[in-house]
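Quick note: the coordinates plus some simple rules give every number you see, no bench work behind them. Computed from a predicted model, the values in this text were never measured in an experiment. A quick note on method: Cβ atoms are made from the backbone with ideal geometry, for glycine too, and the neighbour counts reach across all protein chains shown.
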Amino acid sequence: MEREILVCAFTGHRPEKLPWRENEADPRCLALKQRLAGAVEQAYAQGARRFICGMARGADFYFCEAVIALRRRAAPIVLEGAIPFPGQADRWKEEDRVRYRGLLDECDRLTIVQQKYDRECMLRRDRYMVDRAQMLLAVYNGMPGGTRYTIAYAMSRGAAVTILDL
């Protein structure tokens with residue numbers, strides 16, 4: 001009997017809500033990246049072969065990079081970038097836009113959730129990801145916001161949720 005192929009989505013904080021902000025050399029950031037890589041490998045061990053990332057700065061980038069690293073070790077993985085609207089990165093710093101474009105280039109599939117920005121587009125992107133996933137990995141600090149919303153939505157949909165605390 002073939003094992004069911006599962007989908008794993010991700011939610012997490014942007015740098016502004018992370019204790020180290022944009023300093024990825026901070027030991028706490030390095031430790032989180034290691035824990036996140038372990039969680040991605042665990043999801044893979046549980047049958048996840050498609051991973052969906054919302055492509056935001058911060059923890060989304062870490063997740064995307066962990067999936068790419070696992071795939072490079074010869075794991076058969078499909079990486080999907082779920083983009084809320086085409087101009088997602090337009091107002092970011094150049095270094096973030098370069099990193100974003102590099103990650104997009106590594107994606108096997110890109111989905112643009114809607115064509116124009118509006119106040120709800122990020123939440124629509126999050127619902128898109130959760131609606132396709134059986135599991136959700138989350139980097140979460142307990143604060144209100146999009147990450148909390150996405151975790152609650154995933155739980156209401158019956159997805160298995162793994163929270164990596166900050």
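Could you tell me the center-to-center distance, by alpha carbons, between segment 132-166 and segment 54-104 in angstrom?
19
Work out the length of the dipole vector of the chain about its Cα centre, built from +1 on the beta-carbon of each Lys and Arg and -1 on the beta-carbon of each Asp and Glu, and round it to the nearest 20 debye.
160
Taking the Cα atoms of the chain, report the difference between the largest and smallest coordinate on each principal axis, in whole Å and largest first.
Cα spread of the chain along its principal axes, largest to smallest: 49, 37, 32 Å.
Run the numbers on segment 6-165 and let me know its relative contact order in percent, using alpha-carbon pairs under 8 Å that are six or more apart.
Normalised by residue count, the contact order of segment 6-165 is 28 percent.
Treat every Asp and Glu Cβ in segment 67-145 as -1 and every Lys and Arg Cβ as +1, leave all other atoms uncharged, and give the resulting dipole magnitude about the Cα centre to the nearest 20 debye.
Dipole size: approximately 80 debye.
Spin-label point model (7 Å from Cα, Cβ direction): what's the Asp165 to Arg132 distance in nm?
3.2
Out of Thr11, Val40, Ala66, whose Cα points farthest toward the positive end of the dipole of the chain (charges: +1 Lys, Arg; -1 Asp, Glu; placed on Cβ)?
Among Thr11, Val40, Ala66, the one farthest towards the positive end of the dipole of the chain is Thr11.
When we measure straight from the Cα of Lys116, which lysines land under 24 angstrom away, once same-chain ones fewer than 8 places off are left out?
Straight-line reach from Lys116, under 24 Å: Lys93.
Where a Cα-Cα gap under 19 Å defines reach, which lysines qualify for Lys33, not counting those fewer than 8 residues away within the same chain?
Within the straight-line limit of under 19 Å, Lys33 reaches these lysines: Lys17.
Using a Gaussian network for the chain with springs between C-alpha atoms less than 10 Å apart, which of these wobbles most: Cys64, Cys107, Cys53?
Its mean-square fluctuation being the largest, the pick is Cys107.
In deg cm²/dmol and to the nearest 500, what is the mean residue ellipticity at 222 nm of the chain if only DSSP H runs of at least 4 residues count, each as -39500 (n - 2.57), divided by the residue total?
-13500 deg cm²/dmol
Looking at segment 51-156, which GluC sites (Glu not before Pro) are DSSP coil and have at most 11 other C-beta atoms within 10 Å of their C-beta?
Within segment 51-156, the qualifying GluC sites (Glu not before Pro) (loop, at most 11 other Cβ atoms within 10 Å) are Glu120.
For segment 18-75, report the convex hull volume of the alpha-carbon atoms normalised per residue, in Å³, without decimals.
Expressed per residue, the convex hull around the Cα atoms of segment 18-75 is 79 Å³.
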